[in-house]
Amino acid sequence: MTALTRQVTEIQSPTIEYGLLAPMLVVFGAAVLGVLVEAFLPRRVRYPVQVVLSLGALAVALGMVVTLADRVEVAAEGSVAIDGPTLFIQGTVLALSLLSVLLFAERRVDPGGDAFASAASSLPGSEDERTLTAQRVQQTEVYPLVMFSIGGMLLFPASNDLLTMFVALEVLSFPLYLLCGMARRRRLLSQEAAVKYFLLGSFSSAFFIYGVALLYGYAGSVRLSDIDRAVSEQVGSEGLLLAGVALLTVGLLFKIAAVPFHAWTPDVYQGAPTPVTGFMAACTKIAAFGALLRVLYVGLGGLRLDWQPLLWAIAILTMVVGAVVALTQSDVKRMLAYSSIAHAGFVLTGMVVVEPAGISSVLFYLAAYGFATVGAFAVVSLVRDAGGEATHLSRWAGLAKRSPLVAGVFTLFLLAFAGIPLTSGFVGKLVVFLAAWQGGAWPLVLVAVLASAVAAFFYVRVIVLMYFSEPAPEGPTVAVPSPLTAAAIGLGALVTVGLGVAPAPLLTLAEQAAVFVR
Amino acid sequence: MQAYVPIIALAALAAGFAVFSIVAGALSGPKRYNRAKLESYECGIEPTPQAVGGGRFPVKYYLTAMLFIIFDIEIIFLYPWAVRFDSLGVFGLVEMVLFILTVFVAYAYVWRRGGLEWD
Amino acid sequence: MSDFPWLSVLVAVPAVGALLVGLVPRRRGVLAKALGLAVSLLTLGLTIVVALLYRAGEGQFRLTEQYGWVERFGLYWSLGVDGVALALIALTAVVTPVVLVGGWDEAEPTGRSGKGFVFLVLVLEAMTLGAFAATDVLAFYILFEAMLVPMYLLIGSYGGPRRSYAAVKFLLYNLLGGLVMLAAVIGLYVQSATLRPDGGTFLLSELVGLPLSPQAQYWIFAGFMVAFAIKAPLWPFHSWLPDAAGEATPSTAAFLSGVMDKVGTFGMIHLCLPLFPQAARDLAPVIVTLAVVSILYGALVAIGQSDMIRLVAYASISHFGFIVLGIFALTSQGGAGATLYMVNHGLSTVALFLVVGFLVTRRGSRAIADFGGVQRPAPVLAGVLLVVALATLSLPGLATFVSEFLVLVGTFTRYPVAAVFAVLGIVLAAVYMLWMYQRVMTGPVRPTTEGMRDMRGREALALAPLLALLLVLGLYPKPLLDVINEGVAPTLSQVGVADPEPVQPATAEGASG
């Protein structure tokens, strides 16, 4: 029991590899600076300062991740792993965060300003709220919040021990709980979403930490490599281990919205401000998949015969439930929520096989899915009527006549979700299914193919609605966005087509990245 | 399969305990309804004062509680550092200063935003 | 000169043309259409060059080119044509300008610009040409699937009142087939990875002759066949075609069933036979049965139709039955006949859809009962319909006769019973075609058909090349047949079947049909 003896020895001052942690430090530093900006700068200049600070920090962090490429090391006394999967996911999350922050900063589509409530603390429908809206007060606290969350997402997939992972999980979650409740329109729905997300998120965190405790009891350490060693040496009680693994994965599967831990997703995605929804659907999911990959592959690889059947069942459930329930949705945000659940199932399909091909396919799929998702939610934020965003699907009828460009771009994203060739979604599905089949999981591939067919139906339904239905007489208008949103949508579309036509560079990158440090 | 027996047993025990508590309570407990039974907490003390506006506590309570937590956490970290000050050396000092500064950022934010004004 | 990537250019010209059309301002509809027509004619010219170069070359696949696309899992932009592919590429190149001319003002009643129509047709042409020329299974699959989207938009944007239903049905049927095929493609790749020393591949040249186990062959063959049978369409996967063709505009329907659906039958002969020889041999009786059912079912339902366009669509199902029958007879006459049938059916069905479309546009109704005595006011139109109808029922002297005859001869040597039933299809074709002609064109002139305009210059321009080709290929099919035979012969040798001896009409094998 080396872990126990280590505790009684003299405490040494640790060595911290600041270079390896630099991307996270930059993002966290920007978040802290953002809080100071909120505290000391006059309201009028906060918006430009915050936007520039956030975007700048994200860009710098992204650049640092790029320079770190090929590093395979552990940092901060082994509690953080900087390796291929970490850097790939950090890069993806940072790029997608850049797009998301562009959407956060949009102030032209809503007559009231941005997508967030003037003051989250004012009662919905109260005199306060009306005054604030009339004075066009706009809060800028969302920027430090989202930066903290991004920082957590950078740390989450990099965590090499379960305690660090838990801290990262909380750091990424808390700001999201707040952001969910800050919608400018339909605030009660938004607050309900926040409470729901907070409650269920806390439960899942509790599961996670309970699992960590049991695993510590089993292995005598929270370090993933120690757990792996303990598993292979079969020390301790196996019941403790299995219970710990089960609870731990519940916590992680909650974050990726896998069935049966998905129930929060539609409500939260619908209620949250649309830029936040896009951010959550893309970045949170990617970061959580990164963490799940690391836990299952690095920490519990030796136990895969135990968790593989479980993951099979969850993957099948997730694909089927996500695709089938999405059929019945009449709200575009809820539909995209169920679609994101189905996509989680597809990613799990690639994850079931414990092979490098599985890792690289999952990494590629996440990147492809992320860009299409942020783009799709950005489009959703543009279709508006007097009450804000017109998210009911019936309101989207005939949209192509009003705005062929917006309808065309949204169609592109939907086709990518459906996995039509020459979009990123097809390549993603292809590599994931290939990896799964090569790993022997061909029944999963067949289920996935059928689920894709079902999923295609509801994507196509939206396309039909936009193109072939007559527009309602008082239908929504398509707001003309500022260059910020336009850039986010444009980049999303560009990547979606680019990865569909020429996926080779990113595939190569993902393949090179598919090695975990232990 | 052997290894899963304890887990299943634990799950069954948990479920059984919950069901047992509810059923046993419903069957064996005396059922005498009176005013005290309907009060919150059912402890004989009237929960006072009623918040203004029906059921909502002023958010200031929570704010104060959270402010306390900020400094509480800070102390929790300061204490072990102080005990091991020598062995951690300059590294510990720098990290601690950074930590305190970060905590003070939160404090400054609360102060500037009027979180310290009770009325 | 031989290094010049002719096939890539052939695919790129309509694709780039589509982009140019897309850049034309919305108001300049005529410019867009003229540009589109010019591009499609340029493609036709390039096709002639390709055909000449093909004649000068040697080997099964000629004009081959190969560029890495995603090399790490063996996806290549790999092109090459054999006789079968060349015939279908030529068909596509001929039909596209015809469809553009034939559908010149079809977009107008819907209030949309003609620009979108031209754009989508050119995109479709590029993808179809690419699919015919692809010698990488995954590249073929990508184009095979991707072409659903422009066709879906064509049906849904420009069609009749129930177009959105028809478009969705079309897409979902074909998408389901395509996804099943995706699973099969992946399965094939994984099999190749285990059987080849240097890993998995999608290249046709590497995959042909791979010693797949019979079990694997059956399953993967089935996956491919489901997709192709939906696309072709073969009974019982056909039900989307009458809806799609019926609701689409005539020129869209013409392109759909004349060219695009040929990708399905092309896939059968080009991929299913050489890749899975044993499965093809063992399962041929099943597919031959389905083909015969298609022939008879399509013809019988066509007789019962009261809607002209749906009648043509069901007739197409019957004819696709003939094509599939010829392919899975696994004889050289059958294979050559089926390929020739694809070309001829393409020509005749496009002509038929267009003529019927002209009638429908004039009358404003698709019901046969709304017509009568049209030959009086519009004699040229009536004459053209008669010629096209005769071509559809395979009158000797017209191109379709040669192919149908070859298919029947090729089938008879192996499956006499199937051939006998298939002959019934010809009789039924005469019934539905001539009966339709009679009800529409002859008889007393109705008040509604009085003064109906005769054929106009543009319409004649669209149909003239088709009629000329039907006639020429009917009288002198040899050059085309030679090219096709060059393509079919290696395929059949890959399947490992020889033609049955013609002197033994009643072999045990023949009785199983």
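Structure notes:
- With Cα atoms, 0 to 90° folded angle of helix C:214-231 axis to chain C main axis: 10 degrees
- Placing +1 on each Lys and Arg Cβ and -1 on each Asp and Glu Cβ, with no other charges, gives the range B:54-119 a dipole about its Cα centre of roughly 260 debye.
- Kyte-Doolittle at least 0.0, axis length at least 24 Å by Cα - qualifying DSSP helices, chain A: A:18-40, A:43-68, A:84-104, A:162-180, A:187-219, A:238-256, A:304-326, A:332-351, A:356-380, A:442-468, A:483-501
- The range A:400-435 and the range A:194-247 have their alpha-carbon centroids 38 Å apart.
- Ellipticity estimate at 222 nm from DSSP helix runs (n ≥ 4, -39,500 (n - 2.57)) divided over chain C, nearest 500: -23500 deg cm²/dmol
- The Rg/Rh ratio for the range A:1-157, using Cα coordinates for both the radius of gyration and the Kirkwood hydrodynamic radius, is 1.12.
- Compactness ratio for chain C: Cα radius of gyration over 2.2 N^0.38 Å (N = residue count) comes to 0.93.
- Alpha carbon centroid spacing (whole Å) that separates the range C:53-81 from the range A:456-518: 32 Å
- Value of relative contact order over the range C:276-513, rounded to a whole percent, pairs C-alpha under 8 Å and six or more apart: 29 percent
- The ratio of the alpha-carbon radius of gyration of the range C:195-260 to the globular-protein estimate 2.2 N^0.38 Å is 1.60.
- Based on every Cα atom in the range C:60-134, Rg and the maximum pairwise Cα distance Dmax equal 16.2, 49 Å.
- Placing +1 on the Cβ of every Lys and Arg and -1 on the Cβ of every Asp and Glu, with nothing else charged, gives the range A:70-119 a dipole about its Cα centre of roughly 240 debye.
- Extreme residue, positive dipole direction of chain A, given options A:288, A:335, A:510 (C-beta unit charges): A:335
- Expected 222 nm ellipticity per residue - DSSP helices of 4 or more, -39500 (n - 2.57), all of chain A, to 500: -23000 deg cm²/dmol
- The mean of 1/r over all distinct Cα pairs in the range C:276-513, once inverted, gives the Kirkwood hydrodynamic radius of 18.5 Å.
- When Rg and the Kirkwood radius Rh are both evaluated on Cα atoms of the range A:15-512, their ratio Rg/Rh stands at 0.96.
- Averaging the sequence gap over all C-alpha pairs within less than 8 Å and six or more residues apart, then dividing by the number of residues, gives the range A:15-512 a relative contact order of 15 percent.
- Relative contact order of the range A:258-410, pairs being alpha-carbon contacts under 8 Å that are 6 or more residues apart, as %: 30 percent
- Quarter of the Cα convex hull surface for the range B:54-119, i.e. its orientation-mean projected area (nm²): 5.4 nm²
- Rotationally averaged projected area of the protein assembly as shown (alpha carbon convex hull; nm²): 54.3 nm²
- Here the Karplus relation 6.51 cos²θ - 1.76 cosθ + 1.60, evaluated at θ = phi - 60°, turns the backbone of the range C:376-391 into coupling constants of 5, x, 10, x, 5, 4, 4, x, 5, 4, 4, 4, 5, 5, 5, 4 Hz, with x for every Gly and Pro.
- Point-charge dipole on Cβ atoms (K/R +1, D/E -1) for the protein assembly as shown, about Cα centre, debye to 20: 3040 debye
All of the numbers you see were taken from the coordinates with simple rules; none came from a lab. Quick caveat, the model's predicted, so the values are computed rather than measured. No Cβ is skipped: glycine too gets one built from the backbone with ideal geometry, and neighbour counts run over all protein chains shown.
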